[in-house]
Amino acid sequence: MPGKSKQKSNQIKFLTGLILGIIGFCLPLFFTFNGLSYAGHIALGIFLMAAVFWMFETIPIYSTSMLVIFLQVVLLSQQGVVFSDASLPTTTAKQHTSDSWLVPAEAVDGEKIYVANDSRNYTAIDVKILNRADWVEIRSNELQSDAKIVSNANHKLVGYKPVSFSLFFGTLASPIIILFLGGFMLAGAAVKYNLDKNLTSVLLKPFGTKPNFIILGLMVVTATLSAFMSNTATTAMMMTVAIPIVAQVAREDKFRIILALCIPIAANIGGMATPIGTPPNAIAIANLGQQGINIEFGTWVVMMLPLVILLLLLAWFTMRFLFPTNLREFKLSLKVDFNKSRPAIILYLLFAATVLLWFTESAHGIPSSMVAFLPIAGLTVTGVMKQEDIRSLPWEVLWLVAGGIALGISMENTGLAMWLVASISWDALPQVVLIGVFGLVALNLSNFLSNTVTATLLIPLAVSMGTSGIAGEGFSLVISSLAIAAACNMAMLLPISTPPNAIAMSTGFIKTPDMVKVGIVIGLIGIVATLALSQLYWPFIIN
Amino acid sequence: MSDIYIICVEDEAQVLDVVIRDLEQLEEFFPIEGAASASDARKLINEIKEEGNRIGLILCDHIMPGDKGVDLLIEMQKDEFTHSTRKILLTGQAGLDDTIQAVNKARLNQYVSKPWKKEELLQIVIDELTDYVIETEDELLPYLSVLNQEKLQEAIRAKGFI
């Protein structure tokens, strides 16, 4: 179907991405950046390559994630080709006078030298430089006469302690991935037994027959479902509800636009509501988890719900204003036909139990990812989800997130993230401005890139700004990570911004400018609202 | 991405014109080609195959000079290239035996008797093409605005991704 010119432009895009990606990967091999460890250079190469491949979609985004993990295992793990037989080069410091020593010039790093504990570990000690020559005279009272010092401060083992390859592989089974898997199992079973459709019919009934309230109903239901199911599947399902309504509307009535537009918008917004709503949430939680910060399922919901409700209402009013209708009433044929077979009943019970346990974590203390294994085990043990159902789960999303988490690990522990943000004196800026900057960057990037990819690229930077202290006092890791995740989810300007937008655009009921108008309002007001919450509301929840 | 063709086989030129005109709103997405006999159709199928394109649907008359329509459909069912092509018999004169053959051996998808109504034919063709793209395509979005949208959305929901 696409013409030859489109094929050609796709080819150019593919080649540009491929070449830029390879250049990005090789760049740190040929240039040495001051203040960045050897491993940081490797991580930078992987980061640049992944960023380019993710932006240009040279290869599918999940395969970029797989490539990231592969390269990390080969190049950055303790067992990989670079670090497997690495050992620190050492020499003995020569005692010069009673309290000064001579060490090789390469052994000195600023005002520090490194004392080797064994072939891989070292301790940094501060020294006072007395005289610089081929051998540097230093003074230190920590140095002992038989101490082995690292003779090359730029060695690959300095500034990076190689981690086991299993840490990178392990991201695929990290708690947040298991939490998602639990969500996928529930959603998959819900689709199989039409629980999503029946819930929709039940929930839509109270909204009556007035057009504007039907729209509000569609939005509330879509947002609720997409908080637990994939935004894409929810949008497609709700479209099957909306299409018969569209057929009742005259071709020129703008109500058709609202009908097709309200669903993807609500699906995008609804994804923010729970940790399992969309993958960017997972990236935020995983990055916080690595800093030892655990966000409970219920806490996330309590923090995000006001934003979700506000944006839904905002979108509803905006669309009513932009696309007024003369219609007075509608017929909705809502069939409620709950499946009453044994597997369906088991699903309902497990679904209810899981969600209940997720929301009551503070009472029983069982982490949400452990609860998530209840539907994973429960639905397979009882045969509700069979082999082919398990195969059809969106595994590539888990790989995408796992690759993102793995990249975040390397950005942190090679010092790359620190190095990237350290060049600017951030602490001059108030926290709210910092979050605002991150939010706007996230919103802009995410309108063109996958939301998950944007979160993957930005959240590690924010976290390392917090942990390193360069963001100044009072910079909260939780608030900044959540704000970025929220901003990623608010990007819904264009058909390419999110899969639900692409679905809505393909229906042929709306045009890009319609989407852009609503998208701008939600994006801008959304960022402002996020900033307000981050200052006035979130701090009270996390303390 | 290759094109998905609709081919119409009909020996009477006027009738063939009407069929093609009835389907013309699909032409933008699914190129339509006509053939006057089974042997013409075979040539056409080979050309489409050699250009790397596919055949999504065939509308075929039965009584024609040379090989009969049902024979052509059975042949297509056996050939890997046209196995998943949706097969519609558009005829006034296929006897019971021929029709049984078509159903059993060619896995006939639809039987439309002449004369037909434009809306009905169009709806049948759209539904069959929808099934074809759901079965064979990874990317369903380009078809949302032209084929059966409800069925396509349902397929996207079941897959959980696009």
Paramagnetic reach from residue A:146 (point 7 Å along Cα→Cβ, amide N under 14 Å) across the range A:89-124: A:92-93
Provide the FRET efficiency to the nearest 0.05 for the residue A:334-residue A:22 pair, computing r from the beta carbons and using R0 = 35 Å. 0.05
Shielding by partners for B:147-158, please: the mean number of other protein chain Cβ atoms within 10 Å of each residue's Cβ. 6
Once each part is reduced to its C-alpha centroid, what is the distance from the range A:236-273 to the range A:4-23 in angstrom? 35
Spacing of the two label points (7 Å from each Cα toward its C-beta) at residue A:380 and residue A:169, in nm: 1.8
Using the scaling law 2.2 N^0.38 Å as the reference, what is the normalised Cα Rg of the protein assembly as shown? 1.17
What does the structure give for A:240-249 when I average, per residue, the other chain Cβ atoms found within 10 Å of the residue Cβ? 2
The protein assembly as shown: antiparallel bridges as % of DSSP beta bridges, rounded to 5, reads 50
Subtracting the Cα-Cα distance of residue A:129 and residue A:432 from 0.36 nm times their residue separation yields 105.0 nm
List the residues, sorted by chain then number, that are 5 or more residues from residue B:32 or on another chain and whose placed amide H is less than 5 Å from its amide H. B:6
Quick one: net charge of residue A:59's neighbours, Cβ under 13 Å, K/R +1, D/E -1? -1
Which of the GluC sites (Glu not before Pro) found in the range A:50-140 are in a DSSP loop and have at most 11 neighbouring Cβ atoms, other than their own, within 10 Å? A:111
Helix check for chain A. Which DSSP H runs span at least 30 Å along their own axis by Cα, with a mean Kyte-Doolittle hydropathy no less than -0.5? A:4-30, A:297-322, A:512-536
Label residue A:494 and residue A:98 with points 7 Å out from Cα along Cα→Cβ: what is the distance between them in nm? 7.3
When the Kirkwood radius is taken over all Cα pairs of the range A:85-203, what Stokes-Einstein diffusion coefficient follows at 10 °C and 1.306 mPa s, in µm²/s? 87
The distance between the Cα centres of the range A:156-175 and the range A:281-306, in whole Å, is 22
Kindly rank A:223-230, A:395-402 from highest to lowest mean number of other beta carbons found within 10 Å of each residue. A:223-230, A:395-402
Starting from the 7 Å offset along Cα-to-Cβ, what nm value, one decimal, do you get for the label separation of residue A:355 and residue A:525? 2.7
Between residue B:12 and residue B:43, what length in nm is gained on full extension when 0.36 nm per residue of separation is reduced by their alpha carbon distance? 9.3 nm
Ignoring everything except DSSP H segments at least 4 long, calculate the 222 nm mean residue ellipticity for the protein assembly as shown; use -39,500 (n - 2.57) per segment, divide by total residues, nearest 500. -19000 deg cm²/dmol
Rounded to the nearest 0.05, FRET efficiency between residue A:313 and residue A:74 (Cβ-Cβ, R0 45 Å) equals 0.35
Within a 10 angstrom radius of each residue's Cβ in A:502-509, how many Cβ atoms of other chains show up on average? Whole number is fine. 5
C-alpha center-to-center spacing [the range A:479-508, the range B:34-68] in angstrom: 45
So how much slack lies between residue A:29 and residue A:440, counting 0.36 nm per residue of separation and subtracting their Cα-Cα distance, in nm? 144.8 nm
Counting only protein heavy atoms and rolling a 1.4 Å probe, one gets per residue an accessible area for the range B:4-117 in Å² of 49
Specify which residue in the list A:39, A:506, A:309 is farthest towards the positive end of the charge dipole of chain A, using unit charges on the beta carbon of Lys, Arg (+1) and Asp, Glu (-1), about the Cα centre. A:506
Using a 1.4 angstrom probe and counting only protein chains, how large is the accessible area of residue B:136 in Å², to 10? 50
Taking a ≥ b ≥ c as the square roots of the Cα gyration tensor eigenvalues, with a/c under 1.5 meaning rounded and otherwise prolate when a/b beats b/c, else oblate, which class fits the range B:66-128? oblate
Count the net charge of all other residues whose Cβ sits under 9 Å from the Cβ of residue B:35, scoring Lys and Arg as +1 and Asp and Glu as -1. -1
What does the charge add up to near residue A:347, with Lys and Arg as +1, Asp and Glu as -1, over the other residues with Cβ less than 14 Å from its Cβ? +3
With the cut-off at 20 Å, report for the range A:12-109 the share of all Cα pairs above it, as a whole percent. 53
10 Å-binned pair-distance histogram of the range B:1-147 (Cα, whole percent): 11, 46, 36, 6, 0
FRET efficiency estimate (nearest 0.05) - Cβ-Cβ, residue B:51 to residue A:13, R0 22 angstrom: 0.35
Accessible area, 1.4 Å probe, largest first: how do A:158, A:381 sort? A:381, A:158
Considering the range A:200-356, what Rg and Dmax in Å follow from its alpha-carbon atoms? 17.4, 56
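The values are calculated or read from the model by the stated rules, or taken from the named source; none is laboratory data. The structure displayed is predicted, hence computed values, not measured ones. Please note: Cβ atoms are built from the backbone with ideal geometry, for glycine as well, and neighbour counts cover all protein chains shown. Please note that ligands, DNA and RNA were not included when accessible areas were found on the heavy atoms of the full protein model with its side chains. Shrake-Rupley method; radii C 1.70, N 1.55, O 1.52, S 1.80 Å.
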